[in-house]
Amino acid sequence: MQKGDLILKLRGVTKQFGAVTALQDIELDVHAGEVVALVGDNGAGKSTLIKTLAGVHQPTSGSIEWCGKPVTLDSPGTALELGIATVFQDLALCENLDVVANLFLGHELNPWALDEVEMEVRAWTLLQELAARIPSVRKPIASLSGGQRQTVAIARSLLLDPKIIMLDEPTAALGVAQTAEVLNLIERVRDRGHGVILISHNMEDVRAVADRIVVLRLGQNNGVFTAETSHQDLVAAITGATDNSVSRRMARKLGEPA
Amino acid sequence: MTDAQLDRADSRVRHDEGLSGALRAFIDRVRSGDLGMLPVLIGLALITLVFSTLNPVFLAPNNLVNLLFDAAAIGLISLGVVCVLLLGEIDLSIGSMSGLSSALVGVLWVNSGLPMMVAIVGAVLAGAAVGAVYGVLRNKFEMPSFVATLAGLLGLQLYLLGSTGSINLPYTSPLVKFGQILIMPAWLSYLAAILPGAFMLYSGLKTMQRRRAANLFSPGLSVLLVKAGVITVALLACVAYLEQGRGVPYMFGVFTLFVVALDYALRRTHWGRSMFAVGGNAEAARRSGISVKKIRLSAFMLCSSLAALGGVFAASRLASASQQAGTGDVNLNAIAAAVIGGTSLFGGRGSAWSALLGIIVIQAISNGLTLLNLSSSLRYMITGAVLAIAVIVDSLARRSRASHGRA
Ligand SMILES: Nc1ncnc2c1ncn2[C@@H]1O[C@H](COP(=O)(O)OP(=O)(O)OP(=O)(O)O)[C@@H](O)[C@H]1O
Ligand SMILES: [Mg+2]
C-alpha cells in the first residue's frame, strides 16, 4: 500500500431507519496516509456513516470499495478483518470486564490458554503511548472515569494494526494532555501510511490534523474543504446557511462595546 | 519495589503487598459488593450449625456421603444453568430435559437393547439438539429464552415411557452401581484433594516468574503459599472425614471434573471471555467481532446437554427412569444452586464453582429437612425462600457494585 493510494471508496451510500433517511447518496474517499475529518451538526449522520463502515449497520443501498474491490461489510468481524478499526461514540466497552480483557476482546492472545501476562504487558505499553492515566488494568471498566474509558477504547482500536482507524469524537471527554496525545497519535498513524477518519465538533482539533474536511448535513454530502478554509465557510456548510446562529452570535459579540 | 514497574506508576493507587495487603484487598472487594463465594460459605456454615444441633445424624460421615451422591445429578444440571445465566438468559426446561434424557436411556438401553454407552450418548445428543432449537429461536426470532424454554418445560413430555410410566434399570449394571455404590479408592480421593493446591502453587509460581520477568508487579510468595495451604488442608480434612464413612462417591468426583473443566473454559479461553462479554454487553461484544449468535447457541446447547447428562446421573441414582423424573423441585433446585453459589441472574458474572457450592447448600437443606421428617412441600417452600434470599443478596450486591464502580 503506497501513500496516497485509495483505500476506501463509498458511492451512493444510503441508510434508512424505517421512515428516517439517516444517510443519502453519500460519497467518501479515504487514501492511505490521509486524515479525513467528518463534521456536521448533531444528527447529521456521522455516527451512522461510521457504523456502516464498521459493519454495525448494513447500508440500504450504495457501494463500498476496499482497496479497489467491492466489499460487503456484513458484520463487525468482517470490517475488523479487513483492517477497519473503530472507536465508537458510545465506546462499546464491557463494564464487567477489566481493561486488559476489553483491549483484547475478540482477539485474545492464545485462545485456548489465554496469555494474561503478555496481554497485560502489551496493554501497559499501548496505554503509555497514549499518556493514559489508568491506575490499574486489572480493574473492571466500570471503575474508570469517562476519559479513561475513552483512552481504553482508542487503545483497543490500535491493537490490531488496522489500515483505517475511525474515531467518533475521540477527544470529547479527554484532558488537555490526553487530547494532545490523541492528535499526536493520529499524526503518527497517518505517517505510518494508514488512513484516519476523525469525527469531532472541535474545529481547532479538526484543523490541526485534517488533510480534508468532509461536511455532512442532514444525511447528505455538503462539500469537501481543507484546513485552510475559513471558519465562516465551514460553519456555513455545516449549518447550511451564511446567516446562522453562530454568525449572529459572532456579530453580536463584535457589535457589543468592549 | 521500584517505580520502574509497568503497573505501579500511578501514585494514587494503594498497592496491596504481602499477606496483610491481600487481606485488605479482599475486605475492600467484599465491602464494595463483590461478594464472590462469601455468602454461600457463610450460608453453609449456618445450615450445618442449625441442622447438626437439631439432629446430630446430619453430620455423620455416611450421611454426608449420601448427600454427595444426591448432589451430583442436580449439580451437573446446575452447571449448565450457570452457562445460560452468564449470558443473562434462562433455561426453564432443564428438569424436563433431564427427565426426557433418563427416559431415553431407559427406552434405548433397557427396552431396545442398545449398548448402554450408545444410549447415554444418544440422550446427551438429544439434549444438544433441544438446546440448539432454543439457540436458533433466540438468535433468529429473538424469542426470549424464558418463553422458549417454558414451552420446552411443558413440551418435553415423557410419552416415551408409555402407559406403564417407568422402566427399571438392571440393578447389577455399571450405570446403577455408579449411582449407588461406586466409591473412589482412598488414595485417589486424597490425591484429588492434594492436586488443586499443588497446581495452584505450580501455576502461581510460574506466573510470578513471568510477571517478574515482564516487569509487572506480583503478589508475594507468602500469599500464594497461604492460599494453596488453606485449600489443601481444607480439602484433605473433608476427604479424611468422608473416609470415616464410605468415602467419596465416583459420581461426585466426575461432577467435580466437569466443574473444573468448565471453570477452565470460562476463565482461560477465548470462548469463556466471549461468554462474559456477551453477558456484560452483547452489543459491545458484537462490535469486537465476537459472534454473539454462536456464543448463545453454544451456551444453550451446553446447558441442555448437561441437563441431559444430569438426567442420566439421576436415573443411575434412582435405578429407574420414570415419569416423575425431572419434575418437582428439579428446576427450582438447579437454578437456585447456581444463583446461591454466586452466579448473577443479570448476566456477566459468575463461575462454574457456584454450581458445586450452591448444590451442596441446596442438598444440605433438603437432606437436613428430610432427617427432620418434614414434608416435601415444606422443603420446596424453604428452598424457595433460600433462593429468594440469594436473589436479594445478588441484587443488593449489584447495586453496591454499581455505586463502587465494579459493575
Ligand atoms: N439505530 C437507529 N434507529 C433509528 N434512527 C437512528 C438510529 N441511529 C441513528 N438514527 C437517526 O439517524 C440520524 C443520524 O444520527 P447519527 O447518530 O448518525 O448523528 P451524528 O451525526 O453522529 O450526531 P452527533 O453529532 O450528535 O453524534 C438521527 O436523526 C438519528 O435519530
Ligand atoms: Mg454521533
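The values are calculated or read from the model by the stated rules, or taken from the named source; none is laboratory data. All values reported here derive from a predicted model rather than from experimental measurement. In this analysis, Cβ positions are derived from the backbone assuming ideal geometry, glycine residues included, and neighbour counts consider all displayed protein chains. Heads up: the accessible areas ignore ligands, DNA and RNA and are worked out on the full protein's heavy atoms, side chains in. Shrake-Rupley method; radii C 1.70, N 1.55, O 1.52, S 1.80 Å.
Just to check, using Stokes-Einstein with a Kirkwood Rh over alpha carbon pairs, what's the diffusion coefficient of segment B:107-172 at 20 °C and 1.002 mPa s in µm²/s?
Details: Rh = 13.9 Å.
Translational D for this selection: 154 µm²/s.
Please grab the % of Cα pairs in segment B:328-407 that end up more than 22 Å from each other. All intermediate terms of the calculation are to be shown ahead of the outcome.
Working: 877 of 3160 pairs.
Cα-Cα pairs in segment B:328-407 separated by more than 22 Å: 28 percent.
What does the convex hull of the Cα atoms come to per residue for segment B:257-407, in Å³?
Expressed per residue, the convex hull around the Cα atoms of segment B:257-407 is 127 Å³.
So for the protein assembly as shown, Kirkwood radius off the Cα pairs, Stokes-Einstein at 10 °C and 1.306 mPa s: how many µm² s⁻¹? Intermediate results must be reported in sequence, preceding the final value.
Details: Rh = 28.1 Å.
Answer from the Stokes-Einstein relation: 57 µm²/s.
Select from B:Gln323, B:Gln157, B:Gln180 the residue whose mean-square fluctuation is largest in a Gaussian network model of chain B (Cα-Cα springs shorter than 10 Å).
Highest fluctuation of the listed residues: B:Gln157.
With the solvent-accessible surface defined on protein heavy atoms using a 1.4 Å probe, which residues belonging to segment A:122-149 display a reduction of at least 50 Å² in accessible area in the multichain context relative to the isolated chain?
A:Trp124, A:Pro135
How much solvent-accessible surface does A:Thr21 expose, in Å² to the nearest 10, with a 1.4 Å probe and all protein chains in place?
The accessible area of A:Thr21 comes to roughly 60 Å².
If each of A:Gln2 and B:Lys140 carries a label point 7 Å out from its Cα toward its Cβ, how far apart are those two points in nm?
5.0 nm
How would A:Ser200, B:Ser403, A:Ser61 line up by accessible area, probe 1.4 Å, largest first?
Working: A:Ser200 10, B:Ser403 90, A:Ser61 55 Å².
Descending accessible area places them as B:Ser403, A:Ser61, A:Ser200.
Among A:Gln16, A:Gln148, A:Gln58, which one moves the most in a GNM of chain A with springs linking Cα atoms closer than 10 Å?
Fluctuation is largest for A:Gln16.
If you average the C-alpha positions of segment B:39-70 and of segment A:152-228 separately, how far apart do those two centres end up, in angstrom?
Rounded to whole Å, the Cα centres lie 63 Å apart.
Based solely on its DSSP helices, what 222 nm [θ] is calculated for the protein assembly as shown when runs of n ≥ 4 H residues each add -39,500 (n - 2.57) and the sum is averaged over all residues, nearest 500 deg cm²/dmol? Walk me through the numbers before you get to the answer.
Numbers: 25 runs with 375 residues, N = 665.
Helix contribution divided over all residues of the protein assembly as shown: -18500 deg cm²/dmol.
Taking chain A as a Gaussian network, Cα atoms linked when under 10 Å apart, which of A:Asn244, A:Asn184, A:Asn222 shows the biggest mean-square fluctuation?
Of A:Asn244, A:Asn184, A:Asn222, the Gaussian network model singles out A:Asn244 as fluctuating most.
Express the accessible area of segment A:95-160 per residue in Å², computed with a 1.4 Å probe while the remaining protein chains stay in the model.
Working: 2250 Å² over 66 residues.
The answer is 34 Å² per residue.
Would you mind giving the average projected area, over all directions, of the Cα convex hull of segment B:183-248 in nm² with one decimal? Before the final figure, lay out the partial values.
Working: hull surface 17.5 nm².
Mean shadow area of the hull around the Cα atoms is 4.4 nm².
Based on the alpha-carbon set only, what is the convex hull volume of segment A:1-140 divided per residue, in Å³?
Values: hull volume 22.9 nm³, N = 140.
In segment A:1-140, the Cα convex hull volume per residue is 164 Å³.
Charges at C-beta only: +1 for Lys and Arg, -1 for Asp and Glu. How large is the resulting dipole of segment A:95-160 about its Cα centre, in Debye rounded to 20?
Values: 6 positive and 8 negative charges, 62 e Å.
Value, rounded to 20: 300 debye.
Keeping every protein chain in place, order A:Glu204, A:Glu120, A:Glu169, A:Glu129 by accessible area at 1.4 Å, biggest value first, i.e. largest first. Walk me through the numbers before you get to the answer.
On the way: A:Glu204 145, A:Glu120 5, A:Glu169 35, A:Glu129 85 Å².
Highest to lowest solvent-accessible surface, that is A:Glu204, A:Glu129, A:Glu169, A:Glu120.
Which three lengths, in whole Å and largest first, does segment A:68-200 cover when its Cα atoms are put on their principal axes?
Largest to smallest, the principal-axis extents are 43, 41, 25 Å.
Measuring from centroid to centroid over Cα atoms, what is the spacing of segment A:103-121 and segment A:1-49 in Å?
Computed from Cα coordinates, the inter-centre distance equals 33 Å.
Of A:Leu97, A:Leu130, A:Trp112, which is farthest towards the positive pole of segment A:95-160's charge dipole, taken about the Cα centre with +1 and -1 on the beta-carbons of Lys, Arg and Asp, Glu respectively?
Farthest towards the positive end: A:Leu130.
Share of chain B's accessible area from carbon and sulfur, percent, 1.4 Å?
Values: 12620 of 18460 Å².
Heavy-atom surface of chain B belonging to carbon and sulfur, 1.4 Å probe: 68 percent.
What is the spread of the Cα atoms of segment B:45-163 along each of their three principal axes, largest first, in whole Å?
53, 41, 26
Which of the residues in segment A:80-100 lose at least 10 Å² of accessible area when you go from the chain alone to all protein chains together (probe 1.4 Å)?
The answer is A:Leu80, A:Phe88, A:Asp90, A:Ala92, A:Leu93, A:Cys94, A:Glu95, A:Asn96, A:Leu97.
Computing the accessible area with a 1.4 Å probe over protein heavy atoms, can you report the carbon and sulfur percentage for chain A?
Numbers: 5620 of 11190 Å².
Roughly 50 percent of what the probe reaches on chain A is carbon or sulfur.
Roughly how many nanometres apart are two label points built 7 Å out from the Cα toward the Cβ at B:Phe26 and B:Ile392?
So the label points at B:Phe26 and B:Ile392 sit 2.7 nm apart.
Based on Cα coordinates alone, diagonalise the gyration tensor for segment A:95-160, multiply each eigenvalue by 5, take square roots, and list the semi-axes in whole Å, largest first. Could the numbers behind the result be given before it?
Working: eigenvalues 66, 32, 21 Å².
Taking √(5λ) for each eigenvalue gives 18, 13, 10 Å, largest first.
Number of Lys-Lys pairs in chain A under 26 Å by Cα, sequence gap 8 or more or different chains?
17
Compute the Cα gyration tensor for segment B:99-229, then decide on rounded, prolate or oblate, letting a ≥ b ≥ c be the square roots of its eigenvalues: rounded whenever a/c is under 1.5, prolate when a/b is larger than b/c in the other cases, and oblate in all that remain.
Values: a/c = 3.87, a/b = 1.65, b/c = 2.35.
Note, shape of segment B:99-229 comes out oblate.
Within 10 Å of each Cβ of B:328-340, how many other protein chain Cβ atoms are there on average? Present the calculation step by step, with values, prior to reporting the outcome.
Details: counts 0, 0, 0, 0, 0, 0, 0, 0, 0, 0, 0, 0, 0.
Mean shielding by partner chains, rounded to a whole number: 0.
Only Lys, Arg, Asp and Glu count, each charged at its Cβ (+1, +1, -1, -1), so figure out the dipole size of segment B:153-253 about its Cα centre, rounded to 20 debye. Don't skip to the answer; put the middle values down first.
Values: 7 positive and 1 negative charges, 100 e Å.
My answer is approximately 480 debye.
Treating the beta-carbon of each Lys and Arg as +1 and of each Asp and Glu as -1, no other charges, what is the dipole magnitude of the protein assembly as shown about its Cα centre, to the nearest 20 debye? The partial results should precede the final answer.
Numbers: 54 positive and 47 negative charges, 174 e Å.
Charge dipole, the protein assembly as shown, about its Cα centre: 840 debye, nearest 20.
Which one of B:Ser98, B:Ala352, B:Ala73 is farthest out on the positive end of the charge dipole of chain B, using unit charges on Cβ (Lys, Arg +1; Asp, Glu -1) and the Cα centre as origin?
B:Ala352
Using alpha carbon centroids, what distance separates segment B:103-149 and segment B:197-219, in Å?
Each part reduced to its Cα centre gives a spacing of 43 Å.
Chain pair A, B: how much accessible area is buried, both chains summed, with a 1.4 Å probe, in Å² to 100? If you can, show how the numbers build up before the last one.
Working: alone 12690 and 20020 Å², together 29650 Å².
Chains A and B together bury approximately 3100 Å².
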